[in-house]
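Q: Structure incoming, see below.
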Amino acid sequence: MKRFYTLDRPLQIAVYLTVLFSILFAIFTLANKVWDDVNELKTAKSDNMQWTLSQLEVDYLNLKVEQKNVISGGEVSLKELREKFDVFYSRVAIFRQGPLVNLLASDPKADRILDEIWVFLQQSIPLIDGDDQTLLAEIAALSKHTDSLDDDIRSLALSGINLSALASDREREDVSQTLIMIALLKVALLVALLVLSWIFFRQYRRMMAHASDTQIASSRLNAVVTSALDAVIVIDHSAKILEFNGAAEQIFGYSKEQAVGGDLAEMIVPAKYRLAHREGMKRYLETGEKRVVGKGRLQLEARRKSGEIFPVELSISSAESQGGEVFVAFLRDISDRVADEEELKQARDDALAGEKAKAELLAVMSHEMRTPLNGMLGILELMHDTHLSARQVQYLDIIDTSGKMLLHHVSDVLDISRLDSGKFETDKKKFEITRLMTEVCDGQRPSASAKGNRLTTKFVDLKDQIVLGDDIRLRQVLLNIIGNAIKFTQDGHISVQAERRDDDIEIRISDTGIGIHGSDLTRIFEDFVTLDSSYGRTEAGTGLGLGITKRMIQAMGGTMGVESVQDEGSLFWVRLPLPEQKDGELETNSVEISEPLPITPQQILVVEDNQINRFVVREMLEKDGHSVFEANDGEEGVAFCGRQKFDTILMDISMPRLDGVEATKIIRESGGPSANSPIIALTAHALPDEIFKFNEAGMNDTLIKPISRVLLRKAIRMASDIDDERFERSQDAKTDSIIDHNVLDELWDTLGEKAAADLIRQFVDETEIELDWITSDQRTKFDTEFVNRVHKLAGSASLFGAVRLRELLFQIETLCKTERLEGLSELIRELEQAWQTTKRHLL
Amino acid sequence: MKIRMKLRKLALAFILLWAPLFSAHAADTSSILLTISGKDLTTQELDFETLSAMASTKFETTTIWTDGPQSFEGVPLKTLLSSVGITQGSILATAVNDYAIEIPVSEISDTAPIVAYRQNGQRLKLREKGPLWLVYPYDRAAEYQTEVIYSRSIWQLDRLDVKSQ
């Protein structure tokens, strides 16, 4: 039966119909037959055969008796005889016509007997119908003849019984067959009815189950819609609202009674969108094109009953219903979300602005603080050279120490802002690691001893190793951590250990101090964190010490961490990539050379807007015997340079009206008396790309503030040397190397591979053009333009480390300036050759 | 069916018992075709002239004893009985061979049966179920095709005995 259910629906129906029609046909056929049978029984088609046959015998016997009566001569009544004959005759005649003929015809013997009787009757008629005499005379013969029929008549009568029995048997069988048929059909009908009722029952149960499912689904859906937090609105194709749930009531302010039947556009679509909405609906109904329906979430605006417009998120889907297509819209009031987003955006913008402001403030402040500090420290340095009492010297030293500490703090803040802005540059130099660490520890030992602490060092696998890294930053890091350890340890032990681990070196600084509480361990690296015990305040209050240290280590590609047990001590560990340099040569740091060199007095222009700085520099320079001219800003400086030739120009960068960079450019391009004078930048900004920019503008060197006399002296000497020693050095220039790879490497490091390559290509292209112009055969004039262009090219060449090219250009420049033009053509030829070699090296 | 057969046997027995008595009586009246008698009735003897003078009816029908349609002419039994004042009760119709059958008067209609004296325009002879034959218009209705009707279709009729009023 299961399989039956899997049949197709049309096939099922066909099967039902076939069964039904079969049963109906059987019923009809049987009913017809029963009807016929009933009709058959209603009317008798023939007379009673048995009776007729027995009556035949009676009539025969009557005739015989009458004949015997006549023969015996008792009462002679021929009339009676004739009557009996006629009666017998008529009886026999019945079998010769009508339905009885057919009945007897089926029995051949009966048929034969009947024929014989008939023959007898026919033969007897003349005698019977004849006169009485003849009849009387022949009666004996007739009687005899009649008697001979005895057996036949008897047999005929008996055959009647037989036939009748057969007929009634047939009739009975027929009836019983019909009854059996009826019974069978009844059973079949019953079975069919049972099957049908079973099918109907199944059907009924399925329908009930289906109805119940539908009911459950419907109520579940209803519950979902009712309790949904989103507004659910159902509209028909004319935008008439059909359904409006509780959330919709809350959001839009209409009650369900008000909303249902209303026009969607009128009620919740803001006036400015109404036209678009109607056109959209119209378009959809006409073309079926869906722009909003089924397209997922959209953000639009809706209107409350109060008229308030607010943002909603909605999605619309279409569905078929009894009344045609309907649209189901889910709407969510996202006013809060949008407001939150706005707030968040505002907060983010504020935060970013705050960050920017902070960075700017830090940069400006550090700059603004450094400037007066520079002045102060400069003056202090100058004061040392004046006549002072011992006490004054002592005071001066205290001021100096305080001033330097202040400067240090300012530098810290600047470091933080640089580290955070990613502008922090680390150096790669070769240095001896154990020596550096020993030096740092030696420097800290006095302050350690002051607090009763022992400071020990231990090196593992590091003896006399030369490593590559940023020694200055490492020194700073170590100072910070060791300084911290000393500060928080009293009468204890500070151990500094270093150990090589592959390319890294791990440095551990442990102390037996007060330690750090576990919950503070992660906080101590945050900016401006000063724990209650002031652990982080190594820098006397900024709370930046460990933050800077950690940032520096990270900038150098290292990691840093801390382990500590309160009241037992702390362990700070640092792991830095410091690969060993096997064949490394030490680069001696020669900045601090202080042995005096002979100083050639010069005419020096100081372009500086800050009066204190100007005064400091002036004092320093005048002490060395130089003549100093002062300009308040770039414009004044340019004006000075237009009037007279200076041996050296010191140029501040940040100045009102015209800054140092622009002023330098103007001076260089002016062709004035000082157009070729060395210009040294004075700046607090010291980023590599800035220095590169200064060089491009035509500056020869950069001095980072604060300015010390030593550094100032050295810069002036070096700038002048280029000018003075140019010619002398050119004598053995031919043997010089073509390229200074240090310079080139630095360029690559500073700019990165791609930018450096681009720049070099640009340099090569420009140099080609310039050299074409400089080496032109038709050249007769070696005027200022020629000199400027040679000078500029020399500047570019030095930037790319093309030392050979630079030397030759300088020589040409010098020859032109000194008007010794005889050697010029040879130098120009040499220049062409040198360029080809340089170009090969560069590319 | 069995009842029917029993009736037949009873009828047969009756006829066999009473046959000699009636035959003797009938033999005396030669031109008399029908004798009507009854307890409170003067016996009437009707000859052909009397009968044919009465209002007659003619119809055509098949019978189970003949081949093909036959036309019969005769006096409706009802007319005949009315003429002697019999309107209720039952009559016993008896044939020459003493076949007898009882017919309730209430079951006799105005037109059927008729006491036919002509078949196909010819006088009925004794040899042809005459001279009188009580015939129903069998073809007219199914109710005339029952065995009761067939048993009442008495031929060689010569007596009508009014059983009771």
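Q: Suppose we keep only residues that are more than 37 Å from the chain's Cα centre (by Cα), within 16 Å of A:Val234 (Cβ to Cβ) and not aliphatic (A, V, I, L, M) within region A:256-295. Which one would you say is least open to solvent (accessible area, probe 1.4 Å)?
A: A:Gly262
Q: Still on this structure, I have one more. Residues being surrounded by 14 or more Cβ atoms within 10 Å (Cβ to Cβ), out of contact with any Ser or Thr (no Cβ under 6 Å at 6 or more places or on another chain) and modelled with pLDDT under 85: count how many of those fall in region B:53-70.
A: The total comes to 2.
Q: While we're here: Give just the number: which of (1) over 26 Å from A:Phe88 (Cβ atoms); (2) away from chain A (no Cβ under 14 Å); (3) of a type in the set (A, V, I, L, M, F, W, C) does B:Leu160 not satisfy?
A: (1)
Q: Listed residues A:Asp107, A:Asp147, A:Asp115; which is more than 13 Å from every other protein chain (Cβ to nearest Cβ) and modelled with pLDDT under 80?
A: A:Asp107
Q: Would you pick out the residues in region A:761-796 that are surrounded by 13 or more Cβ atoms within 10 Å (Cβ to Cβ) and either under 51 Å from the mean Cα position of the chain (by Cα) or of a type in the set (Val, Ile, Thr) (or both)?
A: Within region A:761-796, A:Phe763, A:Val764, A:Glu766, A:Thr767, A:Ile774, A:Thr775, A:Thr784, A:Val787, A:Val790, A:Ser796 meet the criteria.
Q: Another question about this same structure. Go through the residues of region B:81-88 one by one and say whether even a single one is outside any loop (DSSP other than H, G, I, E, B) and under 15 Å from B:Ser153 (Cα atoms).
A: no
Q: Just to be sure before I move on: is A:His408 under 24 Å from A:Leu703 (Cβ atoms) and over 60 Å from the mean Cα position of the chain (by Cα) in the structure I sent?
A: No; evaluated as a whole, the condition is false for this residue.
Q: On the given criteria, is B:Tyr138 open to solvent by less than 20 Å² (accessible area, probe 1.4 Å), in contact with a Ser or Thr (Cβ under 7 Å, 6 or more places away or on another chain) and within 12 Å of chain A (Cβ to nearest Cβ)?
A: It is true that B:Tyr138 is open to solvent by less than 20 Å² (accessible area, probe 1.4 Å), in contact with a Ser or Thr (Cβ under 7 Å, 6 or more places away or on another chain) and within 12 Å of chain A (Cβ to nearest Cβ).
Q: If you don't mind, there's one more thing I want to ask. Limited to region A:65-82, what total is found for residues that are assigned to a helix (DSSP H, G or I) and either closer than 26 Å to A:Ser164 by Cα or at the interface with another protein chain (Cβ under 9 Å from one of its Cβ atoms) (or both)?
A: Residues that pass the stated criteria total 5.
Q: Separate question: Can you tell me how many residues within region B:34-62 are assigned to a loop (DSSP other than H, G, I, E, B), in contact with a strand residue (DSSP E or B) (Cβ under 6 Å, 6 or more places away or on another chain) and either of a type in the set (A, V, I, L, M) or within 14 Å of chain A (Cβ to nearest Cβ) (or both)?
A: 1
Q: Another one. List every residue pair whose Cβ atoms sit under 7 Å apart, with the two residues 6 or more apart in sequence or on different chains, where the first one lies in region A:273-284 and is within 17 Å of A:Phe327 (Cα to Cα) and the second, anywhere, is exposed (fewer than 15 other Cβ atoms within 10 Å of the Cβ).
A: Matching pairs, first to second residue: A:Gly280/A:Arg291; A:Arg283/A:Glu289; A:Tyr284/A:Lys290.
Q: Considering only region A:152-161, I want to know if a residue exists there that is aliphatic (A, V, I, L, M), touching a Ser or Thr at 6+ places or on another chain (Cβ under 9 Å) and part of a helix (DSSP H, G or I).
A: Yes: region A:152-161 contains one or more residues that are aliphatic (A, V, I, L, M), touching a Ser or Thr at 6+ places or on another chain (Cβ under 9 Å) and part of a helix (DSSP H, G or I).
Q: Of the residues A:Val225, A:Val234, only one is in contact (Cβ under 8 Å) with a residue 60 or more places away in the chain and under 20 Å from A:Arg332 (Cβ atoms); which?
A: A:Val234
Q: Further question on the same structure: Going through region B:95-134 one residue at a time, which ones are within 14 Å of another protein chain (Cβ to nearest Cβ), out of contact with any Ser or Thr (no Cβ under 9 Å at 6 or more places or on another chain) and closer than 13 Å to B:Leu160 by Cβ?
A: B:Ala95, B:Leu132
Q: Run down A:Glu313, A:Glu325, A:Glu343 and say which single residue is acidic (Asp, Glu) and closer than 19 Å to A:Ala271 by Cα.
A: One residue alone meets the criteria, A:Glu313.
Q: Still on this structure: Could you go through region B:70-93 and let me know if any residue there is within 12 Å of another protein chain (Cβ to nearest Cβ) and over 21 Å from B:Ser37 (Cα atoms).
A: Scanning region B:70-93 turns up at least one residue that is within 12 Å of another protein chain (Cβ to nearest Cβ) and over 21 Å from B:Ser37 (Cα atoms).
Q: In region A:110-136, what count of residues is obtained for those that are of a type in the set (A, V, I, L, M, F, W, C) and surrounded by fewer than 15 Cβ atoms within 10 Å (Cβ to Cβ)?
A: Within region A:110-136, residues that are of a type in the set (A, V, I, L, M, F, W, C) and surrounded by fewer than 15 Cβ atoms within 10 Å (Cβ to Cβ) number 2.
Q: Next question, about the same structure. Counting only residues that are touching a residue at least 24 places away in the same chain (Cβ under 8 Å) and among the basic types (Lys, Arg), which one in region A:797-818 is least open to solvent (accessible area, probe 1.4 Å)?
A: Among residues in region A:797-818 that are touching a residue at least 24 places away in the same chain (Cβ under 8 Å) and among the basic types (Lys, Arg), the one least open to solvent (accessible area, probe 1.4 Å) is A:Arg804.
Q: Here are the criteria: (1) assigned to a helix (DSSP H, G or I); (2) among the hydrophobic types (A, V, I, L, M, F, W, C); (3) surrounded by fewer than 18 Cβ atoms within 10 Å (Cβ to Cβ). Tell me which single one A:Leu388 does not satisfy.
A: (1)
Q: Another one. Within region A:443-521, considering only strands (runs of 3 or more DSSP E) that don't extend past its boundaries, which have at least 1 residues that are in contact with a His (Cβ under 8 Å, 6 or more places away or on another chain) and of a type in the set (Lys, Arg)?
A: A:454-460
Q: On the basis of being at pLDDT 80 or above and either in a helix (DSSP H, G or I) or within 13 Å of another protein chain (Cβ to nearest Cβ) (or both), does A:Arg91 make the cut?
A: Yes: the conditions hold for A:Arg91.
Q: Does A:Leu81 satisfy being at pLDDT below 80 and crowded, with 20+ Cβ neighbours inside 10 Å?
A: When the stated conditions are applied, A:Leu81 does not pass them.
Q: Have a look at A:Asp527, A:Asp567 and point out the one that is at pLDDT below 90, closer than 21 Å to A:Ser417 by Cβ and open to solvent by 40 Å² or more (accessible area, probe 1.4 Å).
A: Going through A:Asp527, A:Asp567 in turn, the sole match is A:Asp527.
Q: Can you say whether A:Val617 is in contact (Cβ under 8 Å) with a residue 60 or more places away in the chain and either assigned to a strand (DSSP E or B) or in contact with a Leu (Cβ under 9 Å, 6 or more places away or on another chain) (or both), as far as the supplied structure shows?
A: Yes, satisfied.
The values are calculated or read from the model by the stated rules, or taken from the named source; none is laboratory data. Every value quoted in this text rests on a predicted model; they were computed, and no experiment measured them. FYI the Cβ positions are ideal-geometry reconstructions off the backbone, even for glycines, and counts take in every protein chain you see. Heads up: the accessible areas ignore ligands, DNA and RNA and are worked out on the full protein's heavy atoms, side chains in. Shrake-Rupley method; radii C 1.70, N 1.55, O 1.52, S 1.80 Å.
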